[in-house]
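The values are calculated or read from the model by the stated rules, or taken from the named source; none is laboratory data. On a predicted model such as this, the values are computed, not experimentally measured, just so you know. When we count neighbours, we look across all protein chains shown, and the Cβ atoms used for this are built from the backbone with ideal geometry, even at glycine. All accessible areas refer to the heavy atoms of the entire protein, side chains included, with ligands and DNA or RNA removed. Shrake-Rupley method; radii C 1.70, N 1.55, O 1.52, S 1.80 Å.
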Amino acid sequence: MNKLEKEKSLYLQQHANNPVDWLPWGDEAFEISRSSNKPILLSIGYSACHWCHVMAHESFEDEYIAEIMNKNFVNIKLDREERPDLDKIYQTAQTIITGKTGGWPLTVFMTPEKMPFFAGTYFPPKERYGLPSFKDILERVSEFYEKKKNDIEMQNIKLNDIFNNLNKISDDKVNIDKALIDKTSLDITGSIDRIHGGLSGAPKFPHINNFLFLLTCGTSESNDLVKLTLDRMSNSGIYDHLDGGFFRYSVDELWMIPHFEKMLYDNGPFISLYAKAYMCYQENSYLNTVKETSDWAITRMQDENGGFYSTIDADSEGEEGKFYVWTLEEINQFLDEDLVKVFLEVFALDNKPNFEGKYHLHVSKKNEEKLIQYKDEIKKIKNILLSQRIKRIAPNTDRKILLSWNSLMIIGLIDAYKVTKKDRYLKSAEKCLFFIKENMRNGNKLFACFHDSPSIDGYLDDYSFFCLACLEYLKIKWDKEIIELALQTADKALELFLDRDNGGFFFSSSENLDLIFKPKILSDESVPSGNSIFINVLSQLYELTGNEKYIAEVDKSINGYAASIKNTAFSHCSLLTSIHSKGIDKRFIVVKCANNYRDRVIATFSRKMYINDNIYILDKEQVTNLEFLDNKKCYGDFTAYVCVGMTCSEPIKNIDIIEQ
C-alpha cells in the first residue's frame, strides 16, 4: 500500500498515486524490512528534478516494474530538500560504491540497518544510454541480497570504516596567506572558459562562490574573466529574459539551454554576486539583473506571510521547458513584423530554433551589442511575450519554505538594497527574517522546513545561514531583538553541531540519532559550506562581543580544514573570504550617523574597496548594549571607525574623507 498521500512534501505527493508501495523514511519501513527479510530500495529526488520525473513516468508508474519492486523490496521515497543529511550520506555512499559522481534521482539499495550495498542514479526501463534496465537491476539486486549476504556484510564493514575515517583530521597545518590566496585565484582563473565564461566544460554550473572570491581576491586578468562570465550568464539562456531569475545550470558550454528548474538557493546568491559586481565595476546591466531577479523572487516566490518557496519545476504539461520556449508561429502571432525581425536577430542564434525545434531566448556573444541597439524594441518584445506566457499552464511551484535557502535570499535582497536603495528589497528581506523568527523556531532551536507548520530539526546550514542573514540585516538596520536572536542561535549551534574531537561542525545535530554516519561538509557545493559560513559568523560575533569562545572555535575549525584546503583550495572560497588573514584584508567598520546621512553612507561603502568588509551603519544615538559598539562615539552627524582585529583607527568625522 502506498502511504505517501498524507505527506506534506510536494515531491512525495507527486508519487502518492504510483502503483509502488512507497513509504516515507521512518521506523515503519525499516521494521517491515527486518520482519520480511527484504532489502530497502531508497529513491531520493526533489519536485523540480526533470530526470526524477522521467524515471517516475517510465518506471514507478509502470505496473509491471512496480510489482517487482513491491514483491522484492521495501520502497522508501525521500525528498532530498527536506532531508539533505540523508541525501549527503547516500550520495557519498554511491560515490564510494560505484566510483562515480551522484545526482538525482538517486537509487540506493540497503539493508534494514540502513547500510547501502548497491547504488546508482537514473536507470531507464529498458537498456539504453549504456545503462542497464531498471527491471534487470531490480532482479539482480534482489538475487544478490538473497544469496550473498556474507559479501554484503563484508562490504558494509569496509564502507563503515571509510565513513569513520572521513571526519578524522590529519596533522597537516595550513597557512591562509597571500601565497594560498594567489594560488587559488590562479587555479580558478586557469579553469575559466575564455570564450563563454564560467568554468570550462559542459554541463556548466554557475559556481557562484568562486566568482565572489575573484571579485575580492582576483587580478586584472581574472576581473576581465569575471565580467565575461557575468555578461554571458545574464545575456544567455540560463537567465529568464522575460521575468527575471536564473535557471539551475546549462547543459552546454554556451550557457544557452538550461535545465529549466529555478532554485531559490541559486537566486539569492546570484543577486549577491551581481550586486557586488556592480559595486566593483559600476556596470548598469549588472544593476538591472539585480533588480529583475529580486523582483521575480518577491513577485513569484514570496509567500504573503514572508517566506520564500523553494523551487519552480523544469517541466509543465509533461514537457521540460515548455513554459519558456516559443514556436515560430507563436512569435509571428504575438509580435508585429518589425519586432519578429528584432527577436530573431537578437535572441536566436543564426535565426534558427535552439531547443527541439523551438526558440529559447538566448543572446549570443556576437549579438550582445544589439541589446543596446534595439533597447526599446527588446523592452516591447519582453512585455508582449511575458503577457502571453503568464496565460500558459505554469510549472509547479514547490511551496515548502526552507530556512537555509530563505536565509540566502534575505542576504541577497539586502545586497540588492545596498546598490539600488529600493525599500521594497529591504522590506521583503525583513518580512522573511521576521517570518522565520516567529514561525520556524522553538526556543533557540530552528526548524529546517515549513509547510503549513514547522517541521524537521534544523541542520548546520539553517543555523549558520540564518545567523549570517541576521548579521547582514543588523549592518543596515540595528535591532536589539535580532542581535539577541543571532547570539542565541549561534550558541545553540555550538551546542548541537560542534565536533569536539576534531574541530569544525557536523551537518546534522547531535540529537539526530537515525544516521549511519554524520557528514561534515567542508567544501562549497551548490551553496556555501555551512562550516565556512559559521566560521564567518563566529568571527563577526567575536568582533562584536569580544567573547573568546567564538574565536576559539574558529581557530580549531580552520586547522581541521588543512588537508582539504591543500587538496582543493578553490573548493573553499567561502572560507577564504570569510576570515581575516595575511592574504585577505577584512576590516570591521563602525559608522554612526544622522538619518539624513544614511543613503550617502550606504552608497559610499557600496564600492569595491569595501566589498569584503563588515560595515555596521548605526543611528548616531543608537545604544546596542555591546561595549565595542557603544564605545564608538559620534561627533556631529557622521563618524566612522575602521578596525582591523581589535585595533581601531581614530574617529573619521568627515564623510568626504571616506568618499575620497
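Quick one: would you say Leu496 is modelled with pLDDT of 95 or more and touching a strand residue (DSSP E or B) at 6+ places or on another chain (Cβ under 9 Å)? It is true that Leu496 is modelled with pLDDT of 95 or more and touching a strand residue (DSSP E or B) at 6+ places or on another chain (Cβ under 9 Å). Under the condition of being surrounded by 15 or more Cβ atoms within 10 Å (Cβ to Cβ), outside any loop (DSSP other than H, G, I, E, B) and in contact (Cβ under 8 Å) with a residue 60 or more places away in the chain, the residues counted in region 620-647 number 3. Residues of region 349-380 that are in a helix (DSSP H, G or I), farther than 17 Å from Glu253 by Cα and among the charged types (D, E, K, R): Lys370, Lys375, Asp376, Glu377, Lys379, Lys380. Scanning region 48-63 for residues that are surrounded by fewer than 19 Cβ atoms within 10 Å (Cβ to Cβ) and either touching a Lys or Arg at 6+ places or on another chain (Cβ under 8 Å) or within 26 Å of Arg399 (Cβ to Cβ) (or both) yields a count of 5.
So Thr219 fits all but one of (1) farther than 24 Å from Asn367 by Cα; (2) among the β-branched types (Val, Ile, Thr); (3) in contact with a strand residue (DSSP E or B) (Cβ under 9 Å, 6 or more places away or on another chain); what number is the exception? Unmet for Thr219, out of (1) farther than 24 Å from Asn367 by Cα; (2) among the β-branched types (Val, Ile, Thr); (3) in contact with a strand residue (DSSP E or B) (Cβ under 9 Å, 6 or more places away or on another chain): (3). Every condition in (1) without any contact (Cβ under 8 Å) to a residue 60 or more places away in the chain; (2) open to solvent by 30 Å² or more (accessible area, probe 1.4 Å); (3) closer than 19 Å to Phe466 by Cβ; (4) in contact with a helix residue (DSSP H, G or I) (Cβ under 7 Å, 6 or more places away or on another chain) is met by Ile535 except one, and the failing one is (2). Where helices (runs of 4 or more DSSP H) fall entirely within region 56-149, those with at least 2 residues that are touching a helix residue (DSSP H, G or I) at 6+ places or on another chain (Cβ under 8 Å) and charged (D, E, K, R) are at 134-147. Selection of first residues in region 113-132 that are among the acidic types (Asp, Glu) and of second residues that are at pLDDT 95 or above, restricted to Cβ pairs under 7 Å at least 6 apart or on distinct chains, gives the following pairs, ordered by first then second residue: Glu127/Ser133. The condition of being under 30 Å from Lys114 (Cβ atoms), hydroxyl-bearing (Ser, Thr, Tyr) and buried (at least 20 other Cβ atoms within 10 Å of the Cβ) holds for only one of Tyr550, Tyr561, that being Tyr561. Being in contact (Cβ under 8 Å) with a residue 60 or more places away in the chain, touching a helix residue (DSSP H, G or I) at 6+ places or on another chain (Cβ under 7 Å) and not β-branched (Val, Ile, Thr) holds for only one residue in Lys431, Lys437, Lys418, Lys445, and it is Lys418. Taking first residues from region 68-94 that are on the phi < 0 side of the Ramachandran plot and partners that are hydroxyl-bearing (Ser, Thr, Tyr) and assigned to a strand (DSSP E or B), the Cβ contacts under 6 Å between residues at least 6 apart in sequence or on separate chains come to Lys77/Ser43. Evaluated against (1) without any contact (Cβ under 8 Å) to a residue 40 or more places away in the chain; (2) farther than 30 Å from Arg392 by Cα, Met279 falls short on exactly one condition, (1). What about Ala603, is it at negative phi, in contact (Cβ under 8 Å) with a residue 60 or more places away in the chain and among the hydrophobic types (A, V, I, L, M, F, W, C)? Yes. Across region 149-173, the qualifying residues are those that are under 27 Å from the mean Cα position of the chain (by Cα) and under 19 Å from Ser532 (Cα atoms), and the one among them that is surrounded by the fewest Cβ atoms within 10 Å (Cβ to Cβ) is Lys168. Contact annotation: residue pairs with Cβ atoms under 6 Å, 6 or more positions apart or on different chains, pairing a residue in region 231-248 that is under 17 Å from Gly412 (Cβ atoms) and modelled with pLDDT of 95 or more with a partner that is part of a helix (DSSP H, G or I) and of a type in the set (S, T, N, Q), are Ser234/Thr289; Gly244/Thr293; Gly245/Asn267; Gly245/Thr293; Phe246/Asn267.
Taking the residues in region 588-616 that are charged (D, E, K, R) and either in contact with a Lys or Arg (Cβ under 8 Å, 6 or more places away or on another chain) or part of a strand (DSSP E or B) (or both) as candidates, determine which candidate is most open to solvent (accessible area, probe 1.4 Å). Break it down stepwise before answering.
Filtering region 588-616 down to residues charged (D, E, K, R) leaves 592, 598-600, 607-608, 613.
Adding the requirement that they be either in contact with a Lys or Arg (Cβ under 8 Å, 6 or more places away or on another chain) or part of a strand (DSSP E or B) (or both) leaves 592, 599, 613.
Details: Lys592: 9, Asp599: 91, Asp613: 20 Å².
Applying the filter and picking the extreme gives Asp599.
Taken as a whole, region 509-525 holds no residue that is free of Cβ contacts under 8 Å to residues at least 60 places away in the same chain, touching a helix residue (DSSP H, G or I) at 6+ places or on another chain (Cβ under 7 Å), farther than 25 Å from Thr92 by Cα and not in a helix (DSSP H, G or I).
Within region 197-233, the residues that satisfy the criterion of being among the small types (Gly, Ala, Ser) and outside any helix (DSSP H, G or I) are Gly197, Gly198, Ser200, Gly201, Ala202, Gly218.
Looking only at region 29-55, residues that are within 28 Å of the chain's Cα centre (by Cα) and not in a strand (DSSP E or B) come to 10 in all.
Counting only residues that are under 30 Å from Ala569 (Cα atoms) and of a type in the set (Phe, Trp, Tyr), region 140-189 holds 1 of them.
Inside region 472-493, residues that are of a type in the set (A, V, I, L, M, F, W, C), touching a strand residue (DSSP E or B) at 6+ places or on another chain (Cβ under 8 Å) and more than 23 Å from Ile611 (Cα to Cα) make up a count of 1.
Determine if region 489-505 includes at least one residue that is within 20 Å of Glu430 (Cα to Cα) and in contact (Cβ under 8 Å) with a residue 40 or more places away in the chain.
Yes, region 489-505 contains a residue that is within 20 Å of Glu430 (Cα to Cα) and in contact (Cβ under 8 Å) with a residue 40 or more places away in the chain.
Determine whether region 243-263 contains at least one residue that is within 23 Å of Leu468 (Cβ to Cβ) and more than 15 Å from the chain's Cα centre (by Cα). No, the conditions are met nowhere in region 243-263.
Filtered by the rule that a residue be among the β-branched types (Val, Ile, Thr) and under 19 Å from Val537 (Cα atoms), region 572-626 gives Thr577, Ile579, Ile584, Ile589, Val590, Ile611, Ile615, Ile617, Thr624. Residue count for region 201-256 satisfying the condition of being within 22 Å of Tyr281 (Cβ to Cβ), touching a helix residue (DSSP H, G or I) at 6+ places or on another chain (Cβ under 8 Å) and among the charged types (D, E, K, R): 4.
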